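One structure is given here, and the rest of the page talks about it.
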Amino acid sequence: TDVLIFSSRNGVTCFLDRMLELGHDMRLLASLKLGVVGKRTAERLGEYHLRADFVPDDFSALALAKQLAPIAPGTQFVLVRASRGPDTLCEAIKQAGGRVTQVVAYQQRDVDVASDAIMQKMERSEIDW
């Protein structure tokens, strides 16, 4: 792997927390370049004392893919992502000549009925969505 890409703040948290739980530390990532889809994801990475090498000015997968395109041919990318969502970034990197492995860091699930705790927070205006 040459470049590790995080597509969301949740991906950063889930991936790095799991890495730490398994007994590794940030030195495991020392030889990698790091990419993020947006500035808020870069900020979350910074909370782990890591700095992104690739951060597009525009918060979009296509903007990051455009930034990565010059280095893509022959480069191995690992894309840390949610269990579902568009494959825009993966496909764009592949079209530019990169090899991509996708890692699901967390599950996104639909909820038919919110839990009582969530309903109470919504009633108290404690949830901002």
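Nothing in this text is a laboratory measurement; each read-out follows from the coordinates by a stated rule. Predicted, not measured: the structure shown is a model, and the values here were computed from it. Counting neighbours? That spans all protein chains shown, and the Cβs are built from the backbone with ideal geometry, glycine included.
By average Cβ neighbour count within 10 Å, what is the ranking of 4-12, 64-72 from highest down?
Highest to lowest by the protection proxy: 4-12, 64-72.
With θ set to phi - 60°, apply the Karplus curve 6.51 cos²θ - 1.76 cosθ + 1.60 along the stretch 60-70 and write out the HN-Hα couplings as whole Hz, x wherever there is a Gly or Pro.
With coefficients 6.51, -1.76 and 1.60, one gets 7, 4, 5, 5, 5, 4, 5, 5, 7, 3, x Hz.
Under the definition of Cα pairs under 8 Å and six or more residues apart, what whole-number percent is the relative contact order of the chain?
In percent, rounded to a whole number, it is 25.
Residue 109 versus residue 67, label points 7 Å from Cα toward the beta carbon: distance in nm?
For residue 109 paired with residue 67, the spin-label model returns 3.3 nm.
With +1 on the Cβ of every Lys and Arg and -1 on the Cβ of every Asp and Glu, and nothing else charged, how large is the dipole of the chain about its Cα centre, in debye rounded to the nearest 20?
Rounded to the nearest 20 debye, it is 420 debye.
Rounded to the nearest 5, what % of the DSSP beta bridges within the stretch 25-120 are antiparallel ones?
0 percent
What are the residues whose amide H is under 5 Å from the amide H of residue 79, where those residues sit 5 or more places off or on another chain and H is modelled from the backbone?
Those qualifying (amide H under 5 Å, at least 5 residues apart or on another chain) are 5, 101, 102, 103.
Under 23 Å from the Cα of residue 66, which lysines turn up, not counting those fewer than eight places away in the same chain?
List returned: 33, 39, 94.
For the chain, just list the percent of Cα-Cα distances falling in each 10 Å bin from zero outward, please.
With 10 Å bins starting at 0, P(r) equals 12, 39, 30, 14, 5, 0.
Mean residue ellipticity at 222 nm from the helices of the chain, using -39,500 (n - 2.57) per DSSP H segment of n ≥ 4 over the full residue count, to the nearest 500 deg cm²/dmol?
The helix contribution divided over the chain gives -10000 deg cm²/dmol.
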